[in-house]
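Below you'll find the structure, written out as structure tokens, and then a few comments.
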Amino acid sequence: LFDVPEKPWQIEGPDVLPFLERIFARRIGTLAQGRGRYAIACTPDGGTFMDGILFKLAENRFWYVQPDGALEEWLAAHSDGFDVKISDPASRVLQIQGPNSMKIMSDATDGAIDESMKYFDSGYYDVGGQQLYVSRTGWTGELGYEIYSEGAKTDHDRLWNHLIDTGSPHGMVFGSLAAMGIRRVEAGILDNLTDFDASMTPFEAGLGAFIELDKEHFVGREALLQADRETLLYGVKCPSTAPHDHGEIMEGSTSVGRVTAGAWSPFLESGIGYVRFEESGDWAGRSLLMKTRRGETVACEIVALPFYDPEKRIPRGMEISGA
């Protein structure tokens, strides 16, 4: 069980669909009610401004869940000419992540949540006597769920106690963000403002698969049509130590990139992290050097992301070889 710093913004109104089509680089009109979709907002010059999950709660009402950044101001700045309302539903997020999370959520909802709730499905459920929005998503790449409170409507103590009571028999414990951070790096999940920012295009961040250039009139499209498609962000593995934030990656005596996030992976038995290169190139498969906190240089390998489970079989409830 993780208490995470995510929060949704509510966007609603008669013009909500054309407004969201303008903001995000993925098609929103095809998103069904009760589903979520990973969506990126770009700056006019093609930079990656924000990433998060967009949920369709009703015909003209959506939630966009973000970890950090000035999204409300961004939405307000682009809302001129659209009949939309942007508001804070005062929601905060709990995540239950891991192999037993489906059993826990089934018990927490008296069986309402089961295998029929697929990856990125969402909806309102009775969780211990309270109607709460739940999605089958998370920030770990594991089978998992997110539970959204709604300010004063939610009895937070009651919710917490109910989840602890139903989760404990299945081995659930309250985990730290440090533990979540290890798993998100293993899963190749990027963090806005840490691993990428508005100075990188989605292509440079390795997120080009989520940009639909054949969709017209979204912010940043014209710049992205002209942008280089090469990637600057890769994974780095180092069997001897965990990469540290801002650590230099060297090719010989030349600095070619910096680590944005690092951790020791118990599953892979190796230090792993992300490296942002200064220039694009065929970096995957290269053996380079990495500077440690003590200024020493150690051997490292550059790899494509994610480190394993590229098809997201784990959060879909499917087995992967070697797991």
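The values are calculated or read from the model by the stated rules, or taken from the named source; none is laboratory data. What you are looking at is a predicted structure, and each value in this text was computed from that prediction instead of being measured. So basically every Cβ, Gly included, is an ideal-geometry build from the backbone, and we count neighbours across all protein chains shown. These area figures cover heavy atoms from the full protein model, side chains too; ligands, DNA and RNA do not enter into them. Shrake-Rupley method; radii C 1.70, N 1.55, O 1.52, S 1.80 Å.
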Sites excluded, GluC sites (Glu not before Pro) in DSSP loops with at most 12 other C-beta within 10 Å, longest stretch of the chain: 116-215
Per residue value of the accessible surface for the chain (all protein chains in place, 1.4 Å probe), Å²: 45 Å²
Potential extension, His78-Ala304 segment - 0.36 nm per residue separation minus Cα distance: 77.8 nm
Chain lengthening between Glu59 and Glu216 when straightened (0.36 nm per residue, less Cα-Cα): 54.3 nm
Hydrodynamic radius of the stretch 103-247 per Kirkwood, over alpha carbon pairs, in Å: 18.6 Å
For the stretch 97-105, Karplus couplings with θ = phi - 60° (6.51, -1.76, 1.60), whole Hz, Gly/Pro x: 10, x, x, 9, 5, 5, 5, 5, 5
Nonlocal amide H pairs with Thr241, under 5 Å, H built at 1.01 Å: Gly271
Cα pair count fraction exceeding 14 Å, expressed as % - the stretch 108-153: 47 percent
Segment Gln226-Gln131, length gained on full extension (0.36 nm per residue, minus Cα span): 29.5 nm
Options (1) 48; (2) 52; (3) 42 - which one matches percent of Cα pairs over 27 Å apart as calculated here: (1)
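Computing the accessible area with a 1.4 Å probe over protein heavy atoms, can you report the carbon and sulfur percentage for the stretch 181-298?
So the carbon and sulfur contribution to the accessible surface is 47 percent.
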For the stretch 86-96, Karplus couplings with θ = phi - 60° (6.51, -1.76, 1.60), whole Hz, Gly/Pro x: 10, 8, 9, x, 6, 9, 10, 10, 10, 10, 10
Rg to Rh, two decimals, where the stretch 1-127 supplies the alpha carbon set and Rh follows Kirkwood: 0.99
Using distinct alpha-carbon pairs, which all enter the 1/r mean, Kirkwood radius of the stretch 55-167 in Å: 15.3 Å
Trypsin sites (Lys or Arg not before Pro) within the stretch 152-232: DSSP coil, no more than 16 neighbouring Cβ in 10 Å: Lys215, Arg229
Karplus (6.51, -1.76, 1.60) ³J(HN,Hα), θ = phi - 60°, over the stretch 69-74, in Hz, Gly and Pro reported as x: x, 8, 5, 4, 5, 5
